[in-house]
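Structure first, then comments.
The values are calculated or read from the model by the stated rules, or taken from the named source; none is laboratory data. The structure presented is a predicted model; accordingly, all values stated were derived computationally and were not measured. Every residue, glycine among them, receives a Cβ derived from its backbone with ideal geometry; neighbour counts consider all protein chains shown.
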Amino acid sequence: MRADLLTDAVEGLDEALAAVDGFDDTLVGGLLRPQPAQAGGLAGLADAVAGSPLAARVAEAAEKTAAGAAGEEHFVALAAARTALLGSVHDALVARVEEAVGRPPAEESGGAAADGAEHAVNLHAAARSWLCDLARAGWQGIDHELVGGAAPVVSAMLPDPALRRLATLLDGFAAELAASCPGSGLERVPVRRWADLWSRAMLLTLPGAASAPAAEEATGRLLPLGVDVQEHATAVQAQVHAVFEPAGGGTPRLVRASVSAPKPDTVVGAGLWQLLRPHMSLLAAVGEGRAMELDAMPVTAEGDLVWDDARARTGEPAEAFATARVALPAATASPTAPLDRHPARIAVPVLLEGYTVEEGEEGVAFQVAGQRLAVDVDRIPAAGPLTPEVVGSSGACLALLRWDAGEFLLQPLAVERTVRKKPVAVHAGAWAGGTTDKAGVRAEKAATDAVKVLRERAGRLLRK
């Protein structure tokens, strides 16, 4: 790996992010009666896209908004400009990563387009109207009445699978805002996050914005690399990163397979796997260190497997580090959909060897070819045997390369360390299919007991 490329500055990156930050700050105070400082942020966004096809629309939108006379079409234009800027940042960072790891660039898919027919125009318009009201009020102007305006829109959208993506986003966004009401009393505003959610939701209200190329079918061997666990108080998701080798030959491809489930907040740690295992047999294969044979498994243009247990069977043993050393370097990435081009979405599987570990006040880092790469140990899930201490004693690391707060970070999925002169692999997802590890068994038993109690209580309530 060319680690020096990951620490060198990317031309134009700071300027693009400064324009995004300037616009995001305008949403804090609201755009009903913009102040001079807010007008500057709007002008900066328009200047940043002056050389693009968006130039005329965004310039008009910035002028109208600064005058307090913006309509829905102007807020949509501003959201599009912000998304385009972050998309350019994403593309520049991904290009730098591909150069650093020596991996071929992703090729745009030529798949047939899915049905992009206009759907539920009235509900899209209602969602857009609520989002515009949010922008006018600003984060410091939110109250329960304003935030509660999303509830009837979400309720009307949820029964329709075609609208569920936007409905889920609006529901989660409204819940975060409601927990922060009133905005006038906020000591700290998550400026970038709320602006991300607002602009993404705004664009998803447009006809065809959620459409994507139709899924293709994948037949061949799936070689798991590791599991990324994403946990919230009421939900959990496990995302398996893997290399797919097509049957009959062909270029290997980086793919993902995800499974999610609702959860009570009392189920944590290794207990999470009990909620996820019944929905995806791949987790058992990951825990056992085995490949899977796929037969016509649907896969999107972005490389996400639409998992169906009926189309997969467990294959031969496949050690993740062997896959990373042999198959990963030649695997191509899939293109990223336009609305998903965001720096936070970058998660590139990489293998690092021959590094030294640094541990200090700034956290854990690897020295790779004389360059310091920070390790995000906070992302290591408690649902497995991998710990910061284990990472600190490692000699090889299979990780996701991410970008956050202005620098590239490593999220360990698995490490190799020497125990009694032999290399031993420790995986974050080692307990995915079950475990005999004492700590894992105790955590699973505690989770089982918690779920039993909750089911008994729910049963009593239903009987009443």
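Is at least one residue of segment 201-215 without any contact (Cβ under 8 Å) to a residue 40 or more places away in the chain and crowded, with 17+ Cβ neighbours inside 10 Å? Spell out how you get there, then give the answer.
Of the residues in segment 201-215, the ones without any contact (Cβ under 8 Å) to a residue 40 or more places away in the chain are none.
Looking for residues that are without any contact (Cβ under 8 Å) to a residue 40 or more places away in the chain and crowded, with 17+ Cβ neighbours inside 10 Å, one finds none in segment 201-215, hence no.
Report every pair of residues separated by at least 6 positions or lying on different chains whose Cβ atoms are under 6 Å apart, first residue within segment 241-254 and under 9 Å from residue 327 (Cα atoms), second of a type in the set (Asp, Glu).
252/245
Quick test for you: out of 174, 156, 135, pick the one residue that is among the small types (Gly, Ala, Ser), part of a helix (DSSP H, G or I), in contact with a helix residue (DSSP H, G or I) (Cβ under 6 Å, 6 or more places away or on another chain) and closer than 18 Å to residue 75 by Cα.
On the way: 174 fails: closer than 18 Å to residue 75 by Cα; 156 fails: closer than 18 Å to residue 75 by Cα.
None of the other options fit; the residue is 135.
Is it the case, given these coordinates, that residue 426 is modelled with pLDDT of 70 or more, β-branched (Val, Ile, Thr) and closer than 14 Å to residue 381 by Cβ?
On the way: modelled with pLDDT of 70 or more: yes; β-branched (Val, Ile, Thr): yes; closer than 14 Å to residue 381 by Cβ: yes.
Yes, satisfied.
Given the options 305, 272, 282, 276, name the one that is farther than 24 Å from residue 437 by Cβ and touching a strand residue (DSSP E or B) at 6+ places or on another chain (Cβ under 7 Å). Give the derivation first.
Numbers: 272 fails: farther than 24 Å from residue 437 by Cβ; 282 fails: farther than 24 Å from residue 437 by Cβ; 276 fails: farther than 24 Å from residue 437 by Cβ.
Only one candidate qualifies: 305.
Can you tell me how many residues within segment 1-14 are under 24 Å from the mean Cα position of the chain (by Cα) and assigned to a helix (DSSP H, G or I)?
Of the residues in that region, 6 qualify.
Looking for whichever is buried (at least 17 other Cβ atoms within 10 Å of the Cβ) and either touching a Lys or Arg at 6+ places or on another chain (Cβ under 9 Å) or not charged (D, E, K, R) (or both) here; the options are 10, 20. Which one fits?
On the way: 10 fails: buried (at least 17 other Cβ atoms within 10 Å of the Cβ).
Checking each option against the conditions leaves just 20.
Sort out which residues of segment 28-51 are part of a loop (DSSP other than H, G, I, E, B), at pLDDT 95 or above and over 30 Å from residue 185 (Cβ atoms), and write them in order of number.
Hits for segment 28-51 are 49, 50.
Could you say whether any residue in segment 395-402 is touching a residue at least 24 places away in the same chain (Cβ under 8 Å) and within 18 Å of residue 8 (Cα to Cα)?
Yes, segment 395-402 has at least one match.
Would you mind telling me which numbered condition in (1) among the β-branched types (Val, Ile, Thr); (2) assigned to a helix (DSSP H, G or I); (3) in contact (Cβ under 8 Å) with a residue 40 or more places away in the chain; (4) buried (at least 16 other Cβ atoms within 10 Å of the Cβ) residue 435 fails?
Failing condition for residue 435: (2).
Out of curiosity, is residue 365 in contact with a Lys or Arg (Cβ under 6 Å, 6 or more places away or on another chain) and either outside any loop (DSSP other than H, G, I, E, B) or surrounded by fewer than 16 Cβ atoms within 10 Å (Cβ to Cβ) (or both)? Before you say what the answer is, go through the steps one by one.
Details: in contact with a Lys or Arg (Cβ under 6 Å, 6 or more places away or on another chain): yes; either outside any loop (DSSP other than H, G, I, E, B) or surrounded by fewer than 16 Cβ atoms within 10 Å (Cβ to Cβ) (or both): yes.
Yes: the conditions hold for residue 365.
Take segment 281-314 and flag every residue that is among the hydrophobic types (A, V, I, L, M, F, W, C), touching a residue at least 12 places away in the same chain (Cβ under 8 Å) and either surrounded by fewer than 23 Cβ atoms within 10 Å (Cβ to Cβ) or under 17 Å from residue 252 (Cβ atoms) (or both).
Filtering segment 281-314 down to residues among the hydrophobic types (A, V, I, L, M, F, W, C) leaves 282-286, 291-292, 294, 296-297, 299, 301, 305-307, 310, 312.
Still in the running and touching a residue at least 12 places away in the same chain (Cβ under 8 Å): 282-286, 291-292, 294, 296-297, 299, 301, 305-307, 312.
Once the filter is applied, which keeps residues that are among the hydrophobic types (A, V, I, L, M, F, W, C), touching a residue at least 12 places away in the same chain (Cβ under 8 Å) and either surrounded by fewer than 23 Cβ atoms within 10 Å (Cβ to Cβ) or under 17 Å from residue 252 (Cβ atoms) (or both), segment 281-314 yields 284, 291, 292, 294, 296, 297, 299, 301, 305, 306, 307, 312.
List pairs: first residue in segment 145-164 and farther than 22 Å from residue 209 by Cα, second residue outside any helix (DSSP H, G or I) anywhere in the structure, Cβ distance under 8 angstrom, at least six positions apart or on different chains.
Final answer for the pair search is 147/181.
Output the number of the condition that residue 389 fails; it satisfies all remaining conditions of (1) at positive phi; (2) at pLDDT 85 or above.
(1)
Which of the numbered conditions does residue 379 fail, given that it passes all the others? Conditions: (1) surrounded by fewer than 17 Cβ atoms within 10 Å (Cβ to Cβ); (2) at pLDDT below 95.
(1)
Which of the residues spanning segment 340-356 are surrounded by 16 or more Cβ atoms within 10 Å (Cβ to Cβ) and touching a Phe, Trp or Tyr at 6+ places or on another chain (Cβ under 9 Å)?
If the condition is that a residue be surrounded by 16 or more Cβ atoms within 10 Å (Cβ to Cβ) and touching a Phe, Trp or Tyr at 6+ places or on another chain (Cβ under 9 Å), then 343, 346, 351, 352, 355 are the ones that fit.
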